[in-house]
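What follows is a short report on a single structure.
The values are calculated or read from the model by the stated rules, or taken from the named source; none is laboratory data. Given the structure is predicted, the values throughout are model-derived calculations rather than measurements. In this analysis, Cβ positions are derived from the backbone assuming ideal geometry, glycine residues included, and neighbour counts consider all displayed protein chains.
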Amino acid sequence: MLQVEVLETSELGDRSYVAHDGAVAIVVDPQRDIDRVEAALADRGLRCAAVVETHIHNDYVTGGFELARRTGADYLVNGDDPVQFDRLAVGDGDTHEVGGLRITALATPGHTVTHLSYLVEEASGDEPAAVFTGGSLLYGSVGRTDLVDVERTEELTRAQFHSARRLAELPGDVRVFPTHGFGSFCSSGSASGGDSSTIADERLRNDALTAADEDAFVETLIANLTAYPAYYRHMAPRNLAGPGPADLSPPTAIDPARLRASIEAGEWVVDLRSRTAYAGQHLAGTVGIELGDQFSTYLGWLMPWGSPFTLIADSAEEIEAAQRQLVRIGIERPDGAAIGPVADLAADPGQVEDYATATFADLAALGPEQRARIVVLDTRRDDERKEDAVSDSIHVPIHSLLVRMDEIPDRPLWVHCASGFRASIAASLLARAGHDVTLVDDEYDRAVELGLT
């Protein structure tokens, strides 16, 4: 019987899969930290016989090459991908048997030019099959089409439309297992996440399958494409080269003197503590990016690629969790780590700073003279800003802040986003640049409720 185990990577909004017959397994789109995959295989007593890639990924460094090397499994990658390693080259219609399971490759271009989906079924054909759709057919939508080459976006969007329609021709009881669509910036439209779906479900709800026609679908998808992380441009070259194993060993512990030297050299020293803890007390010149599901996305988006960096945290476990997130996107090793209370990490007491936090209610309570003295800075994306905005606010999306820092007024800044997370990063960067900041740590809906828009 075909069984499918889901391996969630919530930090990137992706899923990997282990499809198996109870003895032999196929691993689909594994992330870089393959110890999770190996543990899942061992827990179920499975032998990995095949690793498949639906496409050359743009949002993470694959663990497929290393997993196949370690296990001796066949590594199925599109024969048209210009990879620099040996693989089992597959293309549209090719089949491959693994234990009691049969894999059929289906060409589904759109998210990338060479994208494949994989239909997996029992060789006997007695049970409902599963289709692993990568960045093609997602739950409710499809993968974005502008990552390979912006000049080919319309061409690939049309290809994506036809790929989704091709998959919709599979039997209705075929289960659908996408890689993207769970918060990933590789998604487009109204990808709904969710736990499960079938081809029959997608026929009823998927944007690509319910659109009036191809032109309407193309126009809507392209119009709703939003900004995506800058680190994406570095992923495909790594994946084509065949990434080596992830190094998750503890980084070098550094003392306050070296920490201060790194800060004074202009290096990125990243504090992982909560945004409120960081606002209350931090080392001057550091950047606050609290450890959570969006940590690696925004560090990878904002920090110049290849820059030396150091991590600060309250515990070794937090450093380890941050490292795991970062190796998934090809940020290999911090130069060092410092663990402990901020006061203990300071080379001298004058190195410790803070800034204020507030809510939208606090903003609403300001009198006219107080409001006139401050600048409200909106760090949300352009598409969020278009819906509505705080009156008299200025707008610099978080991902543009570093290159637009000279546009920021030299006045007290109240910095907000949609929840407080992005604003907290912006506030730390602005404080690092010498600005007087207040972090608005609040949900944007409150601004609307209070009539601030």
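Every residue, every condition in (1) outside the structural domain of Asp441 (by TED's automatic domain parsing); (2) within 23 Å of Gln351 (Cα to Cα); (3) part of a helix (DSSP H, G or I), yes or no:
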residue	(1), (2), (3)
Ile263	yes, yes, yes
Gly266	yes, yes, no
Arg273	yes, yes, no
Ala277	yes, yes, yes
Tyr298	yes, no, yes
Pro304	yes, no, no
Leu311	yes, yes, no
Ala321	yes, no, yes
Gln325	yes, no, yes
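So which residues in the stretch 402-421 are farther than 18 Å from Asp442 by Cα and without any contact (Cβ under 8 Å) to a residue 40 or more places away in the chain? First the steps, then the outcome.
The first filter runs over the stretch 402-421 and keeps only residues farther than 18 Å from Asp442 by Cα, leaving 402-412.
Those that are farther than 18 Å from Asp442 by Cα and without any contact (Cβ under 8 Å) to a residue 40 or more places away in the chain: Val403, Arg404, Met405, Asp406, Glu407, Ile408, Pro409, Asp410, Arg411, Pro412.
Condition (residue is within 18 Å of Tyr298 (Cα to Cα), in contact with a Gly (Cβ under 7 Å, 6 or more places away or on another chain) and touching a residue at least 12 places away in the same chain (Cβ under 8 Å)) applied to the stretch 357-378: is it met by at least one residue?
no
Take Ala212 and decide whether it is among the hydrophobic types (A, V, I, L, M, F, W, C), surrounded by fewer than 20 Cβ atoms within 10 Å (Cβ to Cβ) and in contact with a strand residue (DSSP E or B) (Cβ under 8 Å, 6 or more places away or on another chain).
In short, no.
Kindly check whether there is at least one residue in the stretch 125-137 that is over 20 Å from Glu8 (Cβ atoms), out of contact with any helix residue (DSSP H, G or I) (no Cβ under 7 Å at 6 or more places or on another chain) and of a type in the set (Gly, Ala, Ser).
yes
Residue by residue through the stretch 279-289, note down the ones that are farther than 13 Å from Val437 by Cα and outside any loop (DSSP other than H, G, I, E, B).
In the first step, residues of the stretch 279-289 are kept if they are farther than 13 Å from Val437 by Cα; the result is 281-289.
Residues satisfying the conditions are His282, Leu283, Val287, Gly288.
For the stretch 223-232, which residues satisfy the criterion of being more than 13 Å from the chain's Cα centre (by Cα) and assigned to a helix (DSSP H, G or I)?
Within the stretch 223-232, Ala223 is the sole residue that qualifies.
Residue-by-condition table, conditions (1) closer than 20 Å to His20 by Cβ; (2) crowded, with 24+ Cβ neighbours inside 10 Å; (3) in the same structural domain as Glu8 (by TED's automatic domain parsing):
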{"position": "Ala40", "(1), (2), (3)": "yes, no, yes"}
{"position": "Asp43", "(1), (2), (3)": "yes, no, yes"}
{"position": "Leu46", "(1), (2), (3)": "yes, no, yes"}
{"position": "Ile56", "(1), (2), (3)": "no, no, yes"}
{"position": "Tyr60", "(1), (2), (3)": "no, yes, yes"}
{"position": "Phe65", "(1), (2), (3)": "no, yes, yes"}
{"position": "Ala73", "(1), (2), (3)": "yes, no, yes"}
{"position": "Gly79", "(1), (2), (3)": "no, no, yes"}
{"position": "Val83", "(1), (2), (3)": "no, no, yes"}
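Tell me the residue from Gln351, Gln323 that is under 22 Å from Asp14 (Cβ atoms) and of a type outside the set (Lys, Arg), please. Step through it out loud before you land on a result.
Working: Gln351 fails: under 22 Å from Asp14 (Cβ atoms).
The unique qualifying residue is Gln323.
In the list Ala130, Ala89, Ala123, which residue meets the criterion of being surrounded by fewer than 18 Cβ atoms within 10 Å (Cβ to Cβ), modelled with pLDDT of 95 or more, aliphatic (A, V, I, L, M) and in contact with a strand residue (DSSP E or B) (Cβ under 9 Å, 6 or more places away or on another chain)?
Step by step, each of Ala130, Ala89, Ala123 is checked, and only Ala89 is surrounded by fewer than 18 Cβ atoms within 10 Å (Cβ to Cβ), modelled with pLDDT of 95 or more, aliphatic (A, V, I, L, M) and in contact with a strand residue (DSSP E or B) (Cβ under 9 Å, 6 or more places away or on another chain).
Is at least one residue of the stretch 423-437 crowded, with 17+ Cβ neighbours inside 10 Å and either out of contact with any strand residue (DSSP E or B) (no Cβ under 8 Å at 6 or more places or on another chain) or part of a strand (DSSP E or B) (or both)?
Yes, the conditions are met somewhere in the stretch 423-437.
So which residues in the stretch 376-413 are in a loop (DSSP other than H, G, I, E, B) and surrounded by 12 or more Cβ atoms within 10 Å (Cβ to Cβ), if there are any at all?
Thr379, Arg380, Arg381, Asp388, Ala389, Val390, Ser393, Val396, Pro397, Leu401, Ile408, Pro412
For (1) touching a Leu at 6+ places or on another chain (Cβ under 9 Å); (2) under 17 Å from Pro256 (Cα atoms), each residue gets a yes or a no:
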site	(1), (2)
Tyr298	no, no
Leu302	yes, no
Thr310	yes, yes
Ala313	yes, yes
Glu317	no, no
Ile331	yes, no
Leu345	yes, yes
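Taking the condition buried (at least 22 other Cβ atoms within 10 Å of the Cβ), out of contact with any helix residue (DSSP H, G or I) (no Cβ under 7 Å at 6 or more places or on another chain) and not assigned by TED's automatic domain parsing to the domain that holds Asp293, does Leu204 pass?
No: the conditions fail for Leu204.
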